[in-house]
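**Q** Let me give you the structure first, and then I'll get to my questions.
Taken together, the values in this text are just the output of simple stated rules run on the coordinates, not laboratory data. Predicted, not measured: the structure shown is a model, and the values here were computed from it. Cβ placement follows ideal geometry from the backbone for every residue including glycine, while neighbour counts extend to all protein chains displayed.
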Amino acid sequence: MQEYRKNLAHPWHGVSTGEESPEAVNVYIELVPRDGIKYELDKRSGLLKVDRPQRFSSYSPAPYGMIPRTYCGERVAEIMASATGLTELEGDGDPLDIIVLTEKIVPHGDILMTARPIGGLGLLDRGEADDKLIAVLKDDAVYGQYDCLSDLPEDILTRLKHYFLSYKTGPDEDEPKCKVKTVYGREQSHELIEAACRDYEDLIGD
């Protein structure tokens, strides 16, 4: 059993971004809509850990996770700074977040899937660039028809925005901790993935 665990790939470092990146990327799923607990990858061990119980009624509207071998550092922050005019921004220091739209029920996290990024939300989380890419599961029978965020029904985009604006905010808090500063399409999401890959190379080295 110890040998088995030792040979498992680390989801952040041991899995490629994807042979077709940035058009299609590997996604490590941490959280699914039914989860009443917020799970996230423990970056040191590679295990999925409990981040916090979901104290409020905000559940992820779709499978949510991160893109392997990416990092939100200087280059990612520069993209948001350029788009918003904000200065002295930093990346949030985590792998690039991504939510994957699919008609299928994904029963649990700690799995890999392939998804096509179609856009994203430039989220500012307490002064840090914390982009949330929006993707569709590759070959999905319903969402696979969408190629860009502008193709997506407005109600779905509104639901995604609401989740990311509210998932860290309690009912007694007047000001949300997160703000959506930009909304962008497929080409910009590809640019962000490439920037996050370069930030990862700067962090980890060859």
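**Q** To the nearest Å, what is the center-to-center distance of region 140-162 and region 89-138, using C-alpha atoms only?
**A** The two parts, judged by their Cα centres, are 14 Å apart.
**Q** Let me ask you something else. Would you tally the net charge around Leu48, using a Cβ to Cβ cut-off of less than 9 Å, leaving Leu48 out, and scoring K and R as +1, D and E as -1?
**A** Working: positive: Lys49; negative: Glu30, Glu40, Asp42, Asp110.
It works out to a net charge of -3.
**Q** Any idea which of Leu137, Tyr39, Gly73 is furthest toward the positive side of the dipole for the chain, if Lys and Arg beta-carbons carry +1 and Asp and Glu beta-carbons -1?
**A** Comparing the listed Cα positions along the dipole, Tyr39 ranks first.
**Q** Please report the net charge: other residues with Cβ closer than 14 Å to the Cβ of Ile193, K and R +1, D and E -1. All intermediate terms of the calculation are to be shown ahead of the outcome.
**A** Working: positive: Arg69, Arg75, Arg116, Lys132, Arg186, Arg198; negative: Glu19, Glu20, Glu23, Asp97, Asp131, Glu187, Glu191, Glu194, Asp199, Glu201.
Surrounding charge for Ile193 is -4.
**Q** With a point put 7 Å past each Cα toward its Cβ, work out how far Ser150 is from Arg198 in nm, to one decimal.
**A** 2.5 nm
**Q** Let me ask something else. Using the Karplus equation 6.51 cos²θ - 1.76 cosθ + 1.60 (θ = phi - 60°), what ³J(HN,Hα) coupling, rounded to whole Hz, does each residue of region 8-17 give in order, writing x for Gly and Pro?
**A** Once rounded to whole Hz, the list reads 5, 6, 6, x, 8, 9, x, 10, 6, 5.
**Q** Which order do peptides 93-104, 150-161 fall in by mean Cβ count within 10 Å, highest first? Kindly include the intermediate steps, with their values, before the conclusion.
**A** Details: 93-104: 20.8, 150-161: 13.3.
Descending mean neighbour count gives 93-104, 150-161.
**Q** Continuing with the same structure: Per-residue HN-Hα couplings for region 21-26, Karplus 6.51 cos²θ - 1.76 cosθ + 1.60 at θ = phi - 60°, whole Hz, x for Gly and Pro?
**A** 4, x, 5, 9, 10, 6
**Q** Determine the shape class of the chain: with a ≥ b ≥ c the square roots of the Cα gyration tensor eigenvalues, call it rounded for a/c under 1.5, and otherwise prolate if a/b is greater than b/c, oblate otherwise. Before the final figure, lay out the partial values.
**A** Numbers: a/c = 1.20, a/b = 1.13, b/c = 1.07.
Cα axes put the chain in the rounded bin.
**Q** Under a Cβ-only charge scheme (Lys and Arg +1, Asp and Glu -1), can you give me the dipole magnitude of region 10-204 about the Cα centre, in debye to the nearest 20? Please list the in-between numbers first.
**A** Working: 22 positive and 37 negative charges, 121 e Å.
Using Cβ point charges on Lys, Arg, Asp and Glu, region 10-204 gives about 580 debye.
**Q** Along Cα→Cβ, 7 Å out, is where each label goes; now give me the distance between the ones at Arg34 and Ala83 in nm to one decimal.
**A** 3.3 nm
**Q** I would also like to ask the following. Rounding to the nearest 20 debye, state how big the charge dipole of region 27-120 is about its Cα centre with +1 on each Lys and Arg Cβ and -1 on each Asp and Glu Cβ. Before the final figure, lay out each step's value.
**A** On the way: 11 positive and 14 negative charges, 75 e Å.
Roughly 360 debye, rounded to the nearest 20.
**Q** State the Cα centre-to-centre distance between region 57-81 and region 7-37 in whole Å.
**A** 12 Å
**Q** Please arrange Asp147, Asp92 by counting, for each residue, the other beta carbons lying within 10 Å of its beta carbon, fewest first.
**A** On the way: Asp147 14, Asp92 21.
Lowest to highest Cβ neighbour count: Asp147, Asp92.
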